[in-house]
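Input: a single structure, listed below in structure tokens.
Values quoted throughout were computed directly from the atomic coordinates according to the rules given, and no laboratory measurement underlies them. None of the values given here were measured: they were computed from a predicted structure. Virtual Cβ from ideal backbone geometry, glycine too; neighbours counted across all protein chains shown.
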There are 2 protein chains.
Amino acid sequence: MQEREMQNPTESEAYALRRARLVQMHPSDIAAEIENLELDEIREVFRDLNDDKTADVIPELPQELQTELMENMRLERVTEIIPEMLSDEAADALGDVSPERLHDIMEKLPSEEYEEISDLMEYPEDSAGGIMQKEVHAIKDSLTLAEAREAIRKDEDQDQEDVSSIYVYAIDDSQRLKGVLRLRDLLFRDLRLLVSKVMVTEVRSISVNADQEEIANLFQKYNYSSLPVVDDFGKLVGRVTSDDVLDVIQEEATEDMQRMVGISGDESVSTPWRRSVRNRLPWLCVNLCTGFGIAWVVSMFEPAIEQYAILAFFLPIVGLLGGNAGNQTLTIVVRSLALGEIDDDEWKPLLLKEVITSFTTGFAIGTLAGLASWLWIGMPILGLVVFLAMLLNMIAAALAGVLVPFGLRSLKIDPALASSIMVTTATDVIGFFIFLSLATLAINTFSL
Amino acid sequence: MQEREMQNPTESEAYALRRARLVQMHPSDIAAEIENLELDEIREVFRDLNDDKTADVIPELPQELQTELMENMRLERVTEIIPEMLSDEAADALGDVSPERLHDIMEKLPSEEYEEISDLMEYPEDSAGGIMQKEVHAIKDSLTLAEAREAIRKDEDQDQEDVSSIYVYAIDDSQRLKGVLRLRDLLFRDLRLLVSKVMVTEVRSISVNADQEEIANLFQKYNYSSLPVVDDFGKLVGRVTSDDVLDVIQEEATEDMQRMVGISGDESVSTPWRRSVRNRLPWLCVNLCTGFGIAWVVSMFEPAIEQYAILAFFLPIVGLLGGNAGNQTLTIVVRSLALGEIDDDEWKPLLLKEVITSFTTGFAIGTLAGLASWLWIGMPILGLVVFLAMLLNMIAAALAGVLVPFGLRSLKIDPALASSIMVTTATDVIGFFIFLSLATLAINTFSL
């Protein structure tokens, strides 16, 4: 009894302290702090935060958790929080919510938010429409600078997102993008001038259907910090900012790395193990089939292996180095394709370069391996067979490393997809076939 | 003769057309167009561009080409171009230039550029100091808004970099960062107010020594578009912008991917083959040694393989699936470490999760593999051996996939470094040892 009395006040004190601490933190830090809590605990934390803060925290949480919250928080609270979120973040949060629940939520939203969010939800997730936000300063190009300033001041009062950048786009009466207004014009030019006179008219814009990877490459190449998004009629519909692009770039790099080794869903260290199993098992099964294919190739040479069990010692070396060399080439190619450094039709000179490179590394590695094998087993002919198999397999590895990703690309498949598995399989099959064929030839020729 | 006359004007016409086209292009596009030309041709193109445009093109070229240009262009031209570049871009361009040439160039620069660039060149390339630019609007916090505006107007006239964002930092008399001035204050507040009254005083800044990967994670987590950089005394020394961070993120992802497969230098599809050989050969040699280690493990089981050559068929399957599963785990771990999603001391729960995951996938794959082996060879005991070897090797693969990167990290080595090679080696050694041990045990126990 004594103990319980001691404990209770301390617990609630610690709890109060924690709440007080959370309330003062940056939304991203709050998200990091609470993302591993149970759903009920998170809802409890949100009860202490006002709608505005909650609206800032939710987009920083993992996608699945956002969905769960949208499903399980009180409907009234959800419909109060959503209008406080940026439209793109709201659309993302609601993206995977069940149709019935989504209907309930959308029905209760103010009409402006309703339209913006339902517009955004129609675009594919990985298009400009899917990552852009609708919030943008759009002013008529027929206004004076003084009128433009006043219009922006009103907008800014509502929505105080950024401290140091304001993007002001000029549109005509049909909402078509006409130009961009520089801040220095707004700050330093005669306020009676018309927007259309001072705006920059050469504005790069992106189509609402553009792929997010292309957009990322555009941002990186030209160092933009924001680009306007237009629909098929040239109407301004939103903007993509560099922080959206940062997310895209990290996401695409992660996805490529994971796809290469055959992980079929987005995964992070915090993914539950059941989902990890589902992500990884499919390609492992494929790999099992290719593995039996490789075993079958080896089995064709059973007589040779029966005669010389030592041949089995060298299979791992041939396979390992071929796989490694193939993956080196593959990594360079997949990454260059993703970064837009190389086009689909530029594979020929690249193939030539990779063959030359692999011939050189193959000659070096093959020589070392051949000499080592000779010394170890004491059969010069085995050294020669190892040398030739290594050299040829590393050239084959280079071919596979280039042709697999370009081949996938020409089939309109992501060039990263399970590419490492395919290349490793190819180098194993080819390497073992070459090595065991040469060994059989040597055995037969020299009647060993 | 006729032909030559026909050809010559056409050639020079085409050349003139091309020059006219180039002059009007965006600097990044010019860079993309000329980066594969010979050095002399590039210099010829630069003769048609004014200093300002040339200064914009150079930073977009590959690093090596920038160095070559700085070494080989006329000294007078170089010293005219450098002051037109942003300080961080100039420091990067000059980073690998020979000391004598660098001395000649720096000597001829105006003193302001000289100081900014030599300051920047002292910071490590991958620190905040190495990626920041010195150009920043810094105003005394004792000014009025009107005076601040005037100061910024003067700065802007000199250096018209960005259209839509102006970052204004407030400093005290000792240059220490005190706050940031919001654009809306500059646009809409009473101009007689003091900067110190309206500025935001809670400003996140980064230390000039901060690592670029940490900075990238900070930008991504908090969606900054620019952050001030301060030295050890809190003095404002520059700023890092989101386009610097975009480059860092791409670079770090590329580096991690390449390092995992043992490519020791930065490589792209345009890297000359000689350098590719130098980049890839070292770890291939290490891999050759580990390959012989694996071969030696297999050789310990020579009697078993001599008796049953069929055992050799299953080595590739065991090796392939162990390697693939290990690389799946490894990829998740390396990426999460790079993104700062997991801390150095959080490996234990992760290890547990990976063991559970791999037990599940291993059980599934092992069962399939065991049944297939039984059906193929017709020996139920072989099926059991394959099943057990698969299961145990996939658990070993998970252990290797977690422990290799965390182990490297605890040795203060990049967790990506050759990690894929190490994991593949580990799973081969362990897998073959388990499989051949179990096979030997089965042979001896059942006197097969």
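A cut-off of 5 Å between modelled amide H atoms, ignoring neighbours fewer than 5 places along the same chain, links residue B:179 with B:170. Multiplying the residue separation of residue A:20 and residue A:151 by 0.36 nm and subtracting their alpha-carbon distance yields 43.4 nm. Pairs of alpha carbons in chain B separated by more than 44 Å make up 37% of all such pairs. Take each residue of peptide B:286-299, count the partner chain Cβ atoms within 10 Å of its Cβ, and average: the result is 6.
I'd like the projected area of region B:152-304, averaged over all directions, using the convex hull of its alpha carbons. Report it in nm² with one decimal. Spelled out: convex hull of the Cα atoms, projected over all directions, averaged, 15.9 nm².
The calculated FRET efficiency for residue B:232 paired with residue B:200, based on their beta-carbon distance and R0 = 25 Å, is about 0.60. Amide H contacts of residue B:137 (H built 1.01 Å from N, in plane; Pro and chain starts excluded): B:167, B:169 sit under 5 Å, all sequence-distant by 5 or more or on other chains.
Once backbone amide H atoms are built at 1.01 Å from N, residue A:238 has A:229 as its partners under 5 Å, excluding neighbours fewer than 5 places away on the same chain. Taking each residue as 0.36 nm, the span from residue A:13 to residue A:411 lengthens on full extension beyond its C-alpha to C-alpha distance by 137.1 nm. Over 32 Å apart at the Cα level, from the set A:412/B:348; A:154/B:154; B:53/B:154; A:154/B:197; A:178/B:235, are A:412/B:348; A:178/B:235.
In nanometers and ordered shortest first, the copy-to-copy spacing of the residue A:107 label point, defined 7 Å from Cα toward Cβ, is 8.2. Sequentially through region A:130-143, phi angles give Karplus couplings (6.51, -1.76, 1.60; θ = phi - 60°) of x, 10, 6, 10, 7, 5, 7, 7, 10, 10, 5, 6, 8, 6 Hz, Gly and Pro residues having no value and appearing as x. Its residue count N fixes a reference of 2.2 N^0.38 Å for region A:407-447, and the Cα radius of gyration divided by that reference is 1.80. Could you give the angle, 0 to 90 degrees to the nearest 10, between helix A:111-121's Cα long axis and the longest principal axis of the Cα atoms of chain A? It is inclined by approximately 10 degrees. Exposure proxy shown here: for A:25, A:132, the number of other Cβ atoms within 10 Å sets the order, fewest to most, as A:25, A:132.
With the label put 7 angstrom out from Cα along the Cα-to-Cβ vector, residue B:43 ends up 7.3 nm from the copy partners, going from closest to farthest.
Scaled against the 2.2 N^0.38 Å expected of a compact globular protein of N residues, the Cα radius of gyration of region A:2-122 reads 1.19. Inter-copy label distances at residue A:307, shortest first and taken from points set 7 Å along Cα to Cβ: 2.4 nm. Between the Cα long axis of helix A:39-48 and the first principal axis of chain A there is an angle of about 30°, rounded to the nearest 10. Against chain B, whose longest principal axis is taken from its Cα atoms, helix B:419-445 shows a tilt of about 0°.
With the gyration tensor restricted to C-alpha atoms of region B:137-240, the semi-axes of the equivalent ellipsoid amount to 24, 15, 13 Å, longest first.
Of all aspartates and glutamates in the structure, those lying under 16 Å Cα to Cα from residue B:140, and not within fewer than 8 positions of it along the same chain, are B:150, B:155, B:172, B:173, B:185.
With springs only between Cα atoms under 10 Å apart, run a GNM on chain B and tell me which of B:104, B:141, B:211 wobbles the most. It is B:104. The three principal axes of the Cα atoms in region A:273-445 give end-to-end lengths of 50, 41, 25 Å, sorted in falling order. As an equivalent ellipsoid, the protein assembly as shown spans semi-axes of 54, 37, 25 angstrom, where each value is the square root of five times an eigenvalue of the C-alpha gyration tensor, largest first. What is the antiparallel percent of DSSP beta bridges lying wholly in chain A, to the nearest 5? Expressed as a percentage, antiparallel bridges in chain A total about 70. Taking θ as phi - 60° and the Karplus parameters 6.51, -1.76 and 1.60, the scalar couplings of region B:90-104 work out to 5, 5, 5, 4, 8, x, 10, 6, 4, x, 5, 4, 4, 4, 4 Hz in sequence order, x denoting glycine and proline. With θ taken as phi - 60° and the Karplus curve 6.51 cos²θ - 1.76 cosθ + 1.60 applied, the whole-hertz 3J(HN,Hα) list for region A:333-350 is 5, 4, 5, 5, 5, 5, 7, x, 7, 9, 8, 4, 9, 9, 6, 5, x, 5 Hz, x standing for glycine and proline. Across region A:2-122, Cα pairs under 8 Å and at least six residues apart give a relative contact order of 22 percent. The fewest-to-most ranking of A:371, B:65 by surrounding Cβ atoms within 10 Å reads A:371, B:65.
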